[in-house]
């Protein structure tokens, strides 16, 4: 079997392209039907072997997207890196919206929505049009529980790299204003519960859930990303996920990357140095914060934290 002709670099580099661009560059109907190309959506092609990530699927749809359509809801959140529950992240369908008066998108692999213009702000990010962060967060209220809304909000107000100084995508006041505009919408009650729980600083969805479990157990709210400045550390200023500085108790979530041998050895040295200057740690894993049916594990975890605090002089009122 003869191999298909090489694609023009303009099309091959991105892995996805629209038929209009392909025809403009001279590709024939036969070339577009070759076995090295798949059809994620009518009007677009994807090079076989290209990662079917949310971004590639969105780019494939954007290549044939009418001007009045835009991405929204979970798709807009995921395109911005917002952490969502695993089931939502694995859903391959795209959320595509229009404003009232335009026909609802009805395409295989797409969930179509019709939105009110007064509640919605749309931005352009390269080749992708999508709702802004505040609008997107409010749309998630119809699908997510309170804890997941808090985690999404934490990410939005913190940004990808708060330590490096990168600006977050939204402020808490923006979320408050957007929630007010969405009065009467599905999920708005959950938005109102989540808003006062959103904090600047968490670097992962699990860290947010850990903080919420601690507070709901009646324990004091820990500081987020506490930087230890102790002259005995010789200028080294480590950051602790959640901390009670007064009692020198730190709580750290150990994700899978801590299993890496180099990271494991670095963790040992780090904890030993902090323990040498009086810190004590409760180390938390995914088993302590299961996605489903984890009440027993959460109770055991908060008892460990309470016991550690009490050993350092904390007393319940």
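Please treat every number below as a calculation from the coordinates, not as lab data. Keep in mind that this is a model prediction, so the values were computed, not measured. Here the Cβ positions follow ideal geometry from the backbone for every residue, glycine too, while neighbour counts run over all protein chains shown.
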In this structure, does residue 315 turn out to be more than 28 Å from residue 159 (Cα to Cα) and out of contact with any helix residue (DSSP H, G or I) (no Cβ under 7 Å at 6 or more places or on another chain)? yes
Look at region 241-259 and say how many of its residues are free of Cβ contacts under 8 Å to residues at least 40 places away in the same chain, under 21 Å from residue 287 (Cβ atoms) and in a strand (DSSP E or B). 4
Tally the residues that are touching a strand residue (DSSP E or B) at 6+ places or on another chain (Cβ under 7 Å), in a loop (DSSP other than H, G, I, E, B) and under 18 Å from residue 143 (Cα atoms), restricting the search to region 70-108. 2
Of all residues in region 298-317, count the ones that are touching a residue at least 40 places away in the same chain (Cβ under 8 Å) and either within 25 Å of the chain's Cα centre (by Cα) or more than 14 Å from residue 252 (Cα to Cα) (or both). 9
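Conditions tested, residue by residue: (1) over 30 Å from residue 131 (Cα atoms); (2) assigned to a loop (DSSP other than H, G, I, E, B); (3) in contact (Cβ under 8 Å) with a residue 24 or more places away in the chain.
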residue: 5; (1), (2), (3): yes, yes, yes
residue: 23; (1), (2), (3): yes, no, no
residue: 26; (1), (2), (3): yes, yes, no
residue: 46; (1), (2), (3): no, no, yes
residue: 55; (1), (2), (3): no, no, yes
residue: 59; (1), (2), (3): no, no, yes
Restricting to region 274-297, name every residue that is farther than 18 Å from residue 225 by Cβ and either free of Cβ contacts under 8 Å to residues at least 24 places away in the same chain or assigned to a helix (DSSP H, G or I) (or both). 275, 276, 286, 287, 288, 290, 292, 293, 294, 295, 296, 297
Could you list, in sequence order, the residues of region 28-44 that are part of a loop (DSSP other than H, G, I, E, B) and under 20 Å from residue 96 (Cβ atoms)? 39, 40, 41, 42, 43
